[in-house]
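> Below is the structure I would like to discuss, written out as structure tokens.
The values are calculated or read from the model by the stated rules, or taken from the named source; none is laboratory data. These numbers were taken from a predicted model, which means no experiment stands behind them. Don't worry about glycine lacking a Cβ; one is built from the backbone with ideal geometry, like all the others, and counts go over all protein chains shown. All accessible areas refer to the heavy atoms of the entire protein, side chains included, with ligands and DNA or RNA removed. Shrake-Rupley method; radii C 1.70, N 1.55, O 1.52, S 1.80 Å.
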Amino acid sequence: MYRLETQQTYVFDQLTALQHGWDFSVIQLGPAERPTMARLHETANVAYVRFRCGAAYDQRLRSRSGLVSFGLLDADNPTTWTYDQVIPNDAVTVFPADAYLRGASPMGFRGSGMHFKASFLAAVSERVYRRPLAMVVPDPGLYVPDLASLMALRRELRKWQQLVAHAAHTRPAIIERREETLALALLGALDSSTAAVEEQRPRVTARSMALALEFIHESAAENISASAISNHAQCSQRTLEKGFVKRFGVTPKKYIKCLRLARVHCGLLRFAEQDCDSIIELAGRYGFWHMGQLAADYRHIYGELPSETLGRSAR
């Protein structure tokens, strides 16, 4: 079994290929200047996704049930954050299954997602390493393989990108070999890796960002002042603003607006599940009272009016 799906769209919720192996939640932090691209290679035991993002996002994601998921950024990927640190472009990300990993990705974010059926990867680990999978795959986090293992993994991913040219859908032996060699390359990279070292910076910054984000997400429907956020985060407004711009590319005020718009967007996509009768009522839940301004802000981020999103969800 082999399936290839390529998607290119400005609308993140339409990217089912990108979300194939992850449970995803995103806050779009600005308009998309180009379409986001996702290409999914799916077999019985592996799903490999190539992606390039056309907008900046605050992401929350985790592995779906029954899968073990990993990420590897392109060597020239722009600065991307997770676990309160910059992700080295030569690091393998091990995704959690029982909690959400939080990341901040800029426009142009690009790389690969690798999703293995847990039973398949466990069988490879037992056969090759004579160890349970839990002893080969480390805890969720960032891990930097040695150079040879990293290059071997990148070479194997390039071979997956060439599967179509080899008529893989008609040649099961090719698929079996690619599944096996990708699993071995990934496990070999992790076996040779060391945990990525967090960049040196004052710990108060990471703690303040965590406190600020917690406060914002709990109070996003309210009129929150910059001073209230900085007081809760136990830092100055200037420190907080610098932290947000560095990680997300936007100020706390802009982040809050994007979060509110994202919640309206999510509500419109699942409007039948909402206990409300109109877009106006839904928008009011998240602090939007001027419908003309909401429409303009929403269109700036999502490229369509709220009514158009609602129309898509109803089809």
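> Cα-based Rg (one decimal) and Dmax (whole number) for segment 258-315, in Å?
Rg and Dmax of segment 258-315, Cα atoms, are 10.1, 27 Å.
> A follow-up question, please. For Ser313 and His290 in the same chain, what is the full-extension length gain: residue separation times 0.36 nm, less their Cα-Cα distance, in nm?
6.0 nm
> Also: If I take all pairs of Cα atoms in segment 210-256, what percentage of them are more than 16 Å from each other?
Roughly 25 percent, once rounded to a whole number.
> Ok, one more. Measure off, as a whole percent, the carbon and sulfur share of the 1.4 Å-probe accessible area of segment 59-208, all protein chains present.
55 percent
> Quote the relative contact order of segment 235-297 in percent (integer), defining contacts as alpha-carbon pairs under 8 Å separated by 6+ residues.
Rounded, it is 20 percent for segment 235-297.
> Let me ask something else about it. Highest mean first, what order results for 150-156, 122-128, 43-49 on Cβ atoms within 10 Å?
Highest-to-lowest ranking by the protection proxy: 43-49, 150-156, 122-128.
> Further question: Cα-based Rg (one decimal) and Dmax (whole number) for segment 11-166, in Å?
In order Rg, Dmax, the Cα atoms of segment 11-166 give 15.3, 49 Å.
> Give a quick list of GluC sites (Glu not before Pro) in segment 1-50 that DSSP marks as loop, anything other than H, G, I, E or B, with at most 11 other Cβ atoms within 10 Å.
Glu33
> Just order 297-310, 265-278 by mean Cβ neighbour count inside 10 Å, highest at the front, would you?
297-310, 265-278
> Another question about this same structure. Just order 111-117, 88-94 by mean Cβ neighbour count inside 10 Å, highest at the front, would you?
Order by mean packing, descending: 111-117, 88-94.
> Two-decimal Rg/Rh of segment 1-77 from alpha-carbon positions, Kirkwood Rh?
Computed over Cα atoms, the ratio is 0.95.
> Let me ask something additional. Express in % the proportion of alpha carbon pairs of the chain at distances exceeding 32 Å.
33 percent
> What is the P(r) of segment 161-315, as percent of Cα-Cα pairs per 5 Å bin from 0?
Reading upward from the zero bin: 1, 8, 13, 12, 10, 9, 9, 10, 11, 10, 6, 2, 0.
> May I pose another question? Using θ = phi - 60° and the Karplus curve 6.51 cos²θ - 1.76 cosθ + 1.60, what whole-Hz ³J(HN,Hα) does each residue of segment 3-19 get, with Gly and Pro shown as x?
Those phi angles translate into 9, 10, 9, 10, 10, 8, 7, 7, 9, 4, 5, 8, 8, 5, 5, 5, 8 Hz.
> Hydropathy at least 0.0 by Kyte-Doolittle, axial extent at least 18 angstrom from the Cα trace: which helices of the chain, defined as entire DSSP H runs, fit?
Helices meeting the span and hydropathy rule in the chain are 172-191, 203-219, 252-269.
> Kindly report the accessible area of segment 196-289 per residue (heavy atoms of protein chains, probe 1.4 Å, no ligands, DNA or RNA), in Å².
Value returned for segment 196-289: 56 Å² of accessible area per residue.
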